[in-house]
1. Within the group Glu667, Glu655, which residue is in contact with a Lys or Arg (Cβ under 9 Å, 6 or more places away or on another chain) and in a strand (DSSP E or B)?
2. Is there a residue in segment 612-633 that is modelled with pLDDT of 95 or more, assigned by TED's automatic domain parsing to the domain that holds Ser696 and hydroxyl-bearing (Ser, Thr, Tyr)?
3. I'm told His631 meets every condition in (1) surrounded by fewer than 14 Cβ atoms within 10 Å (Cβ to Cβ); (2) closer than 27 Å to Ser697 by Cβ; (3) touching a strand residue (DSSP E or B) at 6+ places or on another chain (Cβ under 6 Å) except one. Can you identify the failing condition by its number?
4. Part of a strand (DSSP E or B) and under 40 Å from the mean Cα position of the chain (by Cα): is that true of Lys456 in this structure?
5. Mind listing whichever residues of segment 577-607 are small (Gly, Ala, Ser) and over 28 Å from Gly505 (Cβ atoms)?
6. For segment 620-652, enumerate the residues that are over 20 Å from Trp580 (Cβ atoms), assigned to a loop (DSSP other than H, G, I, E, B) and touching an Asp or Glu at 6+ places or on another chain (Cβ under 7 Å).
7. From the list Val534, Val504, which one is surrounded by fewer than 19 Cβ atoms within 10 Å (Cβ to Cβ) and over 16 Å from Lys565 (Cα atoms)?
8. Scan segment 634-648 residue by residue and report those that are farther than 25 Å from Phe592 by Cβ and either touching a Gly at 6+ places or on another chain (Cβ under 7 Å) or at pLDDT 90 or above (or both).
Amino acid sequence: MVFRRKFLLIPLSFVVLLISIETIHGSEREEIKIKTIEAETISNDKDGNLILEGNVIINTNLLSFSSSSALLNESEGLLELVGDVEVISDNFEVNSSEMKANLNLQTFLAKSTEIYHENSNFGSTEEFVIRTSGDVELINTSVTSCSKEDPAWTISTKSITYLDGSKNVVIRGIKLKLKKIPIFYFPYVRTALSNESMSGFLTPGLNQTRNGVDISLPYYFNLAENYDLVLTPRHISSRGSGLASNFRYLNTKFTGEINVSGLSGDKRYKKETGIEDSRWNVSWQNKSVLSKNLYSNIDFQSTSDEYFFRDIGNDQFGETRTSYLPRKFSLTWKNPFLKINLGISRYQILNPFSYEEYKSKPDLTIQTYVSRKDLSFSIFANKSKFELDRINPLRSSYGEVDRLFLSPRVTFRKNLPSSTFLFSTGATYIKHNFDSLQESKSSPWVEMKYSVFLDKVNNIQVSSLIPVIKYVFVEDNYKNQTNLIDSRIISLDYSTIFQRGRFVGLDRFSENNKIIVGLERVSSSLAKDSFNSVSLGKAFYLKDRTYYEDSSTIRNSSPLVAEFKTKLRGNIWSKSLFEWDNESKKLNLASFGFSYQKNDLKRIEFRSIYRRQDPNKAYIPWVDKDMKTNHSELVTQWPLSKSINIFARWQKDHESNKSNDILFGFEYSNCCLKWGLMNRKWIEEDYFSWKNNYTSSFQALSEGLDPSIERSRTYVFFELKNIGRLGKEISKALSSTKLE
């Protein structure tokens, strides 16, 4: 396994590599043969050397040499070039005042050398030596990807030595300058070229945050081919110093990553809380293949305190808010017919407003599937035990719950020339144990579905009309509202309206006796790279039933669901969904999305969602828990010119008439430099301020506390091309967190 790394000094090693590879490729290098010699005057000296004067051009099979004058000993392969020396290959150009070369040994010595590469990289060196061993040495070298006349940045070194045998480069006396201002110095780096990994310093981090200056300097340890380690000393000016580590490993049995970070002491945290303890965060992800059929997975995360991510988290823009940390283990055995999974899930809750996070101890799942021709048989069984750390006072809950879920199924499927028939039957059994209380229920069920495919095909377009009818019967209900662990009512769309029930999870099932009808029209054109679909679906209840959103209302049919999808010319997409309630003559749910993207720098996206009422009951007393959901988001990134790019994101809650997130900025880019300015103002939950006035977070919410807090930040970022970015990736900054 090879881990790729991005070093601060990649441009320097790149220049050395390009010269050495193009001219001397070890034992596989091709012999240099002279094809033509041109000069204004050609003569011989007493030793038989050719004396070339005026516009000298020597063409070989690999390189082209030109200069004002030259001395050539063709038998020994010795060449001296003086005055306006140029050496040109297909990929690079070397300019020098003078050069000595042994064409037979392919060794070169040049002074006051400038090096150009086809991708506009430029470098200069006072002395350039390629030795018989293949080693390359450059003395007093500078490099940039900018223009020679006015470079925005340069890296200079006292010496660069490329060791051909070990394919390593040793760099001494490194300076990074912006214009003429030195901003970084390092005395010595030894690193590998190409994809080989070796120990060395990685790109340092320098950020200005609300905690002051945040500096980090990672060092990479290449411990072996299949595992490595990065240690990162870190200093935050207002808090203190600490260390982070990242250990990765991989072999035929295991693959994983261990991360540890922390501060030995936090001055600001001590002042706020009076606590002097060290602060830390640790995570371990591991996947194991124990045998051909046996697998395991570990996802463990933990932190010293609930404030760690608020204070020391790496994200400066609130994008990666952390409400809980998982601690999960699973062991899985499977073959083509049977799968057995044993799992344990626990969570470290960091969100004080979360009351319903169960931890399992343990969780056993058995699945089996057997098929023969058109007939299949399957069983899904789950036995779980759950614990609830914090009891919600607004609902009756138990600290411990045992649950058994069992569902066998038999399915017959027949594919006909232009239609499909599906018949399924089975049963669902659920049992809950709450201390001394026990509840259980079982119910048989039947499903029948028939789909017809009416296709029309011509030279440029394919269209299909797909009518669908489905019958669902579930004999009984199991509406355990008290202890919902993982069951929720899902939103209706053209896919979910055909499901047996509206619940996901293993806590509930509902009585059903209904017929569902649907109609879908799909058309596509390869020539125009376009796609269109319209889908309509509705369920009719053969037995009147209460409605999920309002238990007092009796219904004989479900809302009408409509979906529309459109793709135009490959780069324009739109998708919309509507749920219309004919009984109340109101819209239950609507969503719309539009996207135009021509390339990575030119895109417009718009998303909007409206929900009249959440079908799942809220047991946390949020101030806005009874409000409608009505959000919109606009994201755009657009080039104003070849060098200037603007970007923006806007999220608004139309019910409260507030903008939840406003972000905008610009980026300037040229051949060697990117820089930009970003401003962001947003609203997020404040997990901590309630402690000043309330005894519990639940009391705070019950008495009307709105934990929303406004934040604002302006951020400057810059990137030296071929070195790395110090700042925020625009694509990450623009990604949606509210509507995904």
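1. After applying the criteria, what remains is Glu667.
2. yes
3. (1)
4. Values: part of a strand (DSSP E or B): yes; under 40 Å from the mean Cα position of the chain (by Cα): no.
Judged against the criteria, Lys456 is not a match.
5. Within segment 577-607, Ser595 is the sole residue that qualifies.
6. Val623, Met627
7. Unique residue meeting the criteria: Val504.
8. Those that are farther than 25 Å from Phe592 by Cβ and either touching a Gly at 6+ places or on another chain (Cβ under 7 Å) or at pLDDT 90 or above (or both): Pro639, Leu640, Ser641, Ile644, Asn645.
The values are calculated or read from the model by the stated rules, or taken from the named source; none is laboratory data. Just so we're clear, the structure is a prediction, and the values are computed from it rather than from any experiment. Cβ sites come from the backbone with ideal geometry, for glycine too, and all protein chains shown count toward neighbours.
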